[in-house]
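The structure appears right after this line, and notes come after that.
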Amino acid sequence: LLARGVCRHLISHDFSGLEEFVPERGKRVDVIALGPKGEIWVIECKSSRADFTSDQKWGGYLEWCDRYFWAVDIDFPTELLPPDTGLIVADAYSAEIIRIGPENKLAPARRKVLTQKIARVASRRLQGFRDPGVPANF
């Protein structure tokens with residue numbers, strides 16, 4: 001539900017969000033977003049303290065984005081989150097960016113490959129809605 005609210009809010013920033021994206025084998029980000037200038041953001045949604053403390057793989061996602069954000073609900077203890085990352089407070093219907101994370105630009109070659117993969121995955125999922133016989137992910 002947090003991811004849905006985040007994706008709805010990102011539209012107001014002219015970003016398109018894609019949920020549950022796999023940038024490489026063994027990694028799955030909650031939301032990857034593509035901006036109007038080709039910028040790529042990763043947003044990890046955390047529903048509780050336990051959810052955050054049990055997930056230590058988030059550092060591996062930094063190499064797949066220009067900016068990294070956490071999305072949490074209003075009751076989440078935000079002091080747990082690293083201060084040098086972005087922060088979004090969300091619910092199922094919307095969100096608000098509280099803190100923009102630092103920009104670490106992707107290498108051009110990685111950006112190109114990643115942008116193409118985002119487009120292909122989004123297109124395949126859309127085709128899967130139209131034609132249930134088509135596998136939605138690859």
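Structure values in brief
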| read-out | value |
| --- | --- |
| Residues of the range 83-109 satisfying the condition of being in contact with a strand residue (DSSP E or B) (Cβ under 9 Å, 6 or more places away or on another chain), within 12 Å of residue 72 (Cα to Cα) and of a type in the set (Ser, Thr, Tyr) | none |
| Residue count, the range 56-74 (criterion: open to solvent by 10 Å² or more (accessible area, probe 1.4 Å), modelled with pLDDT under 95 and under 13 Å from residue 85 (Cβ atoms)) | 3 |
| Residues of the range 1-56 satisfying the condition of being aromatic (Phe, Trp, Tyr) and under 12 Å from the mean Cα position of the chain (by Cα) | 15, 21, 41 |
| Failed condition for residue 89, given (1) more than 21 Å from residue 116 (Cα to Cα); (2) touching a helix residue (DSSP H, G or I) at 6+ places or on another chain (Cβ under 7 Å) | (2) |
| Qualifying residues in the range 45-55 (those that are of a type outside the set (A, V, I, L, M, F, W, C) and free of Cβ contacts under 8 Å to residues at least 24 places away in the same chain) - the one most open to solvent (accessible area, probe 1.4 Å) | 54 |
| Looking only at the range 1-24, and only at residues there that are within 18 Å of residue 92 (Cα to Cα) and in a strand (DSSP E or B), the one that is most open to solvent (accessible area, probe 1.4 Å) | 20 |
| Residue identified as closer than 17 Å to residue 41 by Cβ and either modelled with pLDDT under 95 or in a strand (DSSP E or B) (or both) among 101, 128 | 101 |
| Residue within the range 25-41 that is in a loop (DSSP other than H, G, I, E, B), small (Gly, Ala, Ser) and in contact with a Phe, Trp or Tyr (Cβ under 9 Å, 6 or more places away or on another chain) present | yes |
| Failed item, numbered, when residue 89 is tested on (1) open to solvent by 40 Å² or more (accessible area, probe 1.4 Å); (2) in a strand (DSSP E or B) | (1) |
| So residue 24, is it at positive phi and among the acidic types (Asp, Glu) | no |
| The lone exception for residue 12 - which of (1) out of contact with any Phe, Trp or Tyr (no Cβ under 6 Å at 6 or more places or on another chain); (2) under 21 Å from residue 125 (Cβ atoms); (3) without any contact (Cβ under 8 Å) to a residue 40 or more places away in the chain it fails | (2) |
| Search result, residues across the range 106-125 that are part of a loop (DSSP other than H, G, I, E, B) and surrounded by 12 or more Cβ atoms within 10 Å (Cβ to Cβ) | 106 |
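The values are calculated or read from the model by the stated rules, or taken from the named source; none is laboratory data. Predicted, not measured: the structure shown is a model, and the values here were computed from it. Cβ sites come from the backbone with ideal geometry, for glycine too, and all protein chains shown count toward neighbours. Protein only, heavy atoms only, side chains kept; ligands, DNA and RNA dropped before computing areas. Shrake-Rupley method; radii C 1.70, N 1.55, O 1.52, S 1.80 Å.
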